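Visitor: Following this message is one structure expressed as structure tokens.
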Amino acid sequence: MRRLATGLAMLLAAATAVAQPRIAIIIDDLGYHRQNGQAITDLPAPITCAVIPYSPHGRKLAERASRAGKEVLVHLPMDAGQHIRLDRGGLRQGISENELLDTVRQALSQIPQARGLNNHMGSALTEQNEPMGWLMAELKAHQLFFVDSRTSGRSVAQRVARQQGLANAGRDIFLDNERDLVKINAQFNKLIRLARQRGQAIAIGHPYPETVHYLQQVLPLMDDAGIQVVPVSSLLDTPALDTATTDSGTHAGS
């Protein structure tokens, strides 16, 4: 805890008088653990809550998050390849257009509070232009946005979203690939540095007890650090037509 406190002190000391940087924190995988999910919805900041459709507690957590003023996403399972098990209602490789559209529509009906969608896993499917094109067109028809979790460095999802003029964003930092408070703190500081460099940054975390505990401690300090925590919808790119590509990191399981 001493090392964590030192890290937080350094974070506060780095505050500057320039335009206030903005960060969005998406917590993925909500729906399988009720208590941890409730702790996320109760956090003292506008955290974005990404809920897995058909999960045991997903509907109630989405409702609770919405009542708490939190933004909600559908966290849609997508094929990661390598024979990794796909959650119910996921998008598998080789899926037809009609199957994909039906699956997406059913997922959206599970979480009616959702304002957007991001991928759960998907390191294989997000590399494929055709299914990503079908997905982005459907999201645009529903006036939703897309956030690329960037589980693959070869993901084309955000580029396809831009090509279709769909509001979109991409993950910059994973907070908790390692479930250790000191390492989560190091990732959080990377997030803050990135936001200060370019004005905004997006992190993804998970409802692990370590992540919940860390965020409970650090979020009340953000005003003093000169950092604004915002829903991810505040940080979207809304292109008319843009074929630019983006750099991305990798993570197998967001």
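The values are calculated or read from the model by the stated rules, or taken from the named source; none is laboratory data. The structure presented is a predicted model; accordingly, all values stated were derived computationally and were not measured. Cβ: placed from backbone, ideal geometry, glycine included. Neighbour counts: every protein chain shown. Calculation scope for accessible area: heavy atoms of the full protein, side chains included, ligands and nucleic acids excluded. Shrake-Rupley method; radii C 1.70, N 1.55, O 1.52, S 1.80 Å.
Visitor: Determine the shape class of the range 113-205: with a ≥ b ≥ c the square roots of the Cα gyration tensor eigenvalues, call it rounded for a/c under 1.5, and otherwise prolate if a/b is greater than b/c, oblate otherwise. Before the final figure, lay out the partial values.
Guide: Details: a/c = 2.25, a/b = 1.82, b/c = 1.24.
Prolate.
Visitor: Treating only the Cα positions of the range 184-223 as identical point scatterers, give the base-10 log of I(q)/I(0) from the Debye formula at each q in 0.20 Å⁻¹.
Guide: Taken in order of the listed q values, log10 I(q)/I(0) reads -0.63.
Visitor: Quote the accessible area belonging to F146 in square angstrom, nearest 10, computed with a 1.4 Å probe and with ligands, DNA and RNA left uncounted.
Guide: Surface open to solvent at F146 totals about 0 Å².
Visitor: With θ set to phi - 60°, apply the Karplus curve 6.51 cos²θ - 1.76 cosθ + 1.60 along the range 118-131 and write out the HN-Hα couplings as whole Hz, x wherever there is a Gly or Pro.
Guide: Going residue by residue, I get 9, 8, 9, 6, x, 5, 8, 5, 6, 8, 10, 5, 5, x Hz, with x marking Gly and Pro.
Visitor: Given a 1.4 angstrom probe, what's the average accessible area per residue across the chain, in square angstrom? It would help to have the intermediate numbers written out before the result.
Guide: Numbers: 11200 Å² over 254 residues.
Each residue of the chain exposes 44 Å² on average to a 1.4 Å probe.
Visitor: Taking amide H atoms as placed 1.01 Å from N in the peptide plane, list the residues 5 or more away in sequence, or in a different chain, whose amide H sits under 5 Å from that of V229.
Guide: Answer set, sorted by chain and number: I23.
Visitor: Could I ask something else about it? Among rounded, prolate and oblate, which fits the chain when a ≥ b ≥ c are the square roots of the eigenvalues of its C-alpha gyration tensor, a/c under 1.5 means rounded, and a/b larger than b/c means prolate?
Guide: Details: a/c = 1.77, a/b = 1.46, b/c = 1.21.
Here the chain falls in the prolate category.
Visitor: May I have the count of lysine pairs in the chain with C-alpha atoms under 28 Å apart, counting pairs 8 or more residues apart or located on different chains? Mind showing how you got there, number by number?
Guide: On the way: K60/K70; K60/K140; K70/K140; K70/K183; K70/K190.
The number of close lysine pairs in the chain is 5.
Visitor: I've got another one for you. Roughly what would the spin-label model give for S234 and Q20, points 7 Å off Cα along C-beta, in nm?
Guide: In this crude spin-label approximation the distance works out to 0.7 nm.
Visitor: Taking the Cα centre of the chain as origin, work out the dipole magnitude from +1 charges on Lys and Arg Cβ and -1 charges on Asp and Glu Cβ, in debye rounded to 20. Could the numbers behind the result be given before it?
Guide: Numbers: 26 positive and 24 negative charges, 98 e Å.
In debye, rounded to 20, the chain gives about 460.
Visitor: Another question, then. In the chain, carbon and sulfur make up what percent of the accessible area (probe 1.4 Å)?
Guide: Working: 5140 of 11200 Å².
Heavy-atom surface of the chain belonging to carbon and sulfur, 1.4 Å probe: 46 percent.
Visitor: Moving to a separate point now. Mind checking the full-extension length gain between D224 and D180? Use 0.36 nm per residue of separation minus the Cα-Cα distance, one decimal, nm.
Guide: Details: separation 44, 0.36 × 44 = 15.84 nm, distance 2.46 nm.
Length gained between D224 and D180: 13.4 nm.
Visitor: Now for a separate question. Tabulate in residue order the Karplus-calculated ³J(HN,Hα) for the range 162-179, using 6.51 cos²θ - 1.76 cosθ + 1.60 with θ = phi - 60°, rounded to whole Hz; enter x for Gly and Pro.
Guide: So the Karplus estimates, Gly and Pro as x, are 5, 4, 8, x, 8, 4, 7, 7, x, 5, 9, 9, 9, 6, 9, 4, 10, 7 Hz.
Visitor: Just to confirm a number: summing +1 for Lys and Arg and -1 for Asp and Glu over residues other than Q35 whose beta-carbon lies under 15 angstrom from that of Q35, what do you get? The partial results should precede the final answer.
Guide: Values: positive: R34, K60, R64; negative: D29, D42, E210.
That works out to 0.
Visitor: Moving on to the next point. Label the range 11-115 by shape, choosing from rounded, prolate and oblate, from the square roots a ≥ b ≥ c of the eigenvalues of the Cα gyration tensor; if a/c is under 1.5 it is rounded, and otherwise prolate applies when a/b is larger than b/c, oblate when it is not.
Guide: Prolate.
Visitor: Please list, in chain and number order, the residues 5+ apart from G116 or on another chain whose amide H is under 5 Å from its amide H, with Hs placed from the backbone.
Guide: V74, F145
Visitor: Can you give me the solvent accessible area of V156 with a 1.4 Å probe, rounded to the nearest 10 Å²?
Guide: 20
Visitor: Among P239, P231, P207, which one shows the biggest mean-square fluctuation in a GNM of the chain, springs joining Cα atoms closer than 10 Å?
Guide: Highest fluctuation among the options: P239.
Visitor: Peptides 71-80, 102-111, 39-48: what's the order by average Cβ count within 10 Å, highest mean first? Before the final figure, lay out the partial values.
Guide: Details: 71-80: 26.1, 102-111: 17.9, 39-48: 20.2.
In descending order of packing, they fall as 71-80, 39-48, 102-111.
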